[in-house]
């Protein structure tokens with residue numbers, strides 16, 4: 001699916017109304033990052049990647065209670081995250097809202113990438129991985145791990161940049177960092193994140209780190 005600049009501009013304007021200034025700045029950063037990653041790894045899908053990036057945090061500003069209420073209103077199945085980590089529900093609620101409120105952008109790839117952009121998932125496509133990584137490393141992210149992963153991705157020779165294996169390696173490290181961060185703080189870890197980590201390790205021929213898997 002290809003979208004025009006006019007369509008993307010209209011989408012951006014609609015999403016801006018729903019987000020705080022800081023959140024919308026992040027959204028624009030993810031859009032730019034997704035486009036840059038797409039140029040290397042998914043050049044025929046750049047406008048679709050940009051649309052997914054614009055929509056990825058559509059419901060991020062909702063409170064935990066509002067997220068759960070929206071889950072019920074849309075008939076989404078109960079998730080352990082509702083009790084343990086409601087902050088990750090926005091991927092699911094945003095994905096469910098897209099067909100209802102932005103049907104022109106309700107492609108299977110956009111919906112799935114938005115749904116898993118926080119947790120990751122098994123069998124992630126290159127499209128999924130680009131949105132997942134763009135959200136983590138966009139230039140407005142100032143956390144040390146985010147900056148380190150940005151350097152890890154971009155600070156390599158051009159031929160490596162264009163390699164799906166390189167993308168997998170950095171995504172694996174992001175998942176590993178996320179699991180380690182949550183474990184160290186004794187915070188709940190979504191099962192999908194663990195499955196995503198194990199899956200990408202298996203596909204890369206790497207043993208998961210025992211202490212975090």
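The values are calculated or read from the model by the stated rules, or taken from the named source; none is laboratory data. Bear in mind the structure is a predicted one, so any value in this text is a computation, not a measurement. Using ideal geometry, Cβ is built from the backbone for each residue, glycine included, and neighbour counts are taken over all protein chains shown.
Take the conditions at pLDDT 95 or above, surrounded by 14 or more Cβ atoms within 10 Å (Cβ to Cβ) and within 14 Å of residue 56 (Cβ to Cβ) and apply them to residue 152. Does it pass? Taking the combined requirement at face value, the residue does not satisfy it.
Quick check: is even one residue across region 40-58 surrounded by 22 or more Cβ atoms within 10 Å (Cβ to Cβ), in contact with a helix residue (DSSP H, G or I) (Cβ under 9 Å, 6 or more places away or on another chain) and over 30 Å from residue 163 (Cβ atoms)? Within region 40-58 (the criterion being surrounded by 22 or more Cβ atoms within 10 Å (Cβ to Cβ), in contact with a helix residue (DSSP H, G or I) (Cβ under 9 Å, 6 or more places away or on another chain) and over 30 Å from residue 163 (Cβ atoms)), the answer is yes, since at least one residue qualifies. In summary, residue 1 fulfils each of the numbered conditions (1) over 30 Å from residue 187 (Cβ atoms); (2) at pLDDT 95 or above; (3) not in a helix (DSSP H, G or I) with the single exception of condition (2). For region 4-36, what are the residues that are farther than 24 Å from residue 161 by Cα, surrounded by fewer than 17 Cβ atoms within 10 Å (Cβ to Cβ) and either touching a strand residue (DSSP E or B) at 6+ places or on another chain (Cβ under 8 Å) or in contact (Cβ under 8 Å) with a residue 60 or more places away in the chain (or both)? Answer for region 4-36, where residues must be farther than 24 Å from residue 161 by Cα, surrounded by fewer than 17 Cβ atoms within 10 Å (Cβ to Cβ) and either touching a strand residue (DSSP E or B) at 6+ places or on another chain (Cβ under 8 Å) or in contact (Cβ under 8 Å) with a residue 60 or more places away in the chain (or both): 7, 14, 25.
When each of 142, 166 is tested for being out of contact with any helix residue (DSSP H, G or I) (no Cβ under 7 Å at 6 or more places or on another chain) and either closer than 23 Å to residue 57 by Cβ or surrounded by fewer than 21 Cβ atoms within 10 Å (Cβ to Cβ) (or both), the lone residue that passes is 142.
Just checking, which of 160, 179, 200 is closer than 16 Å to residue 85 by Cβ and out of contact with any strand residue (DSSP E or B) (no Cβ under 8 Å at 6 or more places or on another chain)?
Details: 160 fails: closer than 16 Å to residue 85 by Cβ; 200 fails: closer than 16 Å to residue 85 by Cβ.
179 is the lone residue from the list that is closer than 16 Å to residue 85 by Cβ and out of contact with any strand residue (DSSP E or B) (no Cβ under 8 Å at 6 or more places or on another chain).
The set of residues in region 71-85 being in contact (Cβ under 8 Å) with a residue 12 or more places away in the chain and either surrounded by fewer than 19 Cβ atoms within 10 Å (Cβ to Cβ) or under 14 Å from residue 53 (Cα atoms) (or both) consists of 74, 76, 79, 80, 82, 84.
Just to be sure, is residue 95 farther than 21 Å from residue 4 by Cα, within 17 Å of the chain's Cα centre (by Cα), crowded, with 21+ Cβ neighbours inside 10 Å and modelled with pLDDT of 95 or more?
Working: farther than 21 Å from residue 4 by Cα: yes; within 17 Å of the chain's Cα centre (by Cα): yes; crowded, with 21+ Cβ neighbours inside 10 Å: yes; modelled with pLDDT of 95 or more: yes.
Spelling it out, residue 95 is indeed farther than 21 Å from residue 4 by Cα, within 17 Å of the chain's Cα centre (by Cα), crowded, with 21+ Cβ neighbours inside 10 Å and modelled with pLDDT of 95 or more.
Annotation: of all residues in region 183-205 being touching a helix residue (DSSP H, G or I) at 6+ places or on another chain (Cβ under 8 Å) and not in a loop (DSSP other than H, G, I, E, B), the one that is surrounded by the most Cβ atoms within 10 Å (Cβ to Cβ) is 196. Across region 64-91, the number of residues qualifying as in a helix (DSSP H, G or I), within 17 Å of residue 121 (Cα to Cα) and out of contact with any helix residue (DSSP H, G or I) (no Cβ under 6 Å at 6 or more places or on another chain) comes to 2.
Can you find a residue in region 101-114 that is within 24 Å of residue 21 (Cβ to Cβ), within 11 Å of the chain's Cα centre (by Cα) and crowded, with 20+ Cβ neighbours inside 10 Å? Checking region 101-114: at least one residue is within 24 Å of residue 21 (Cβ to Cβ), within 11 Å of the chain's Cα centre (by Cα) and crowded, with 20+ Cβ neighbours inside 10 Å.
Could you list all residues from region 15-51 that are in a helix (DSSP H, G or I) and within 14 Å of residue 61 (Cβ to Cβ)?
Residues satisfying the conditions are 15, 16, 21, 22, 23, 24, 25, 26, 27.
Among the criteria (1) at pLDDT below 95; (2) buried (at least 18 other Cβ atoms within 10 Å of the Cβ), the one residue 172 does not fulfil is (1). Put simply, of 165, 176 the only residue that is over 18 Å from the mean Cα position of the chain (by Cα) and either in a helix (DSSP H, G or I) or under 17 Å from residue 129 (Cα atoms) (or both) is 165.
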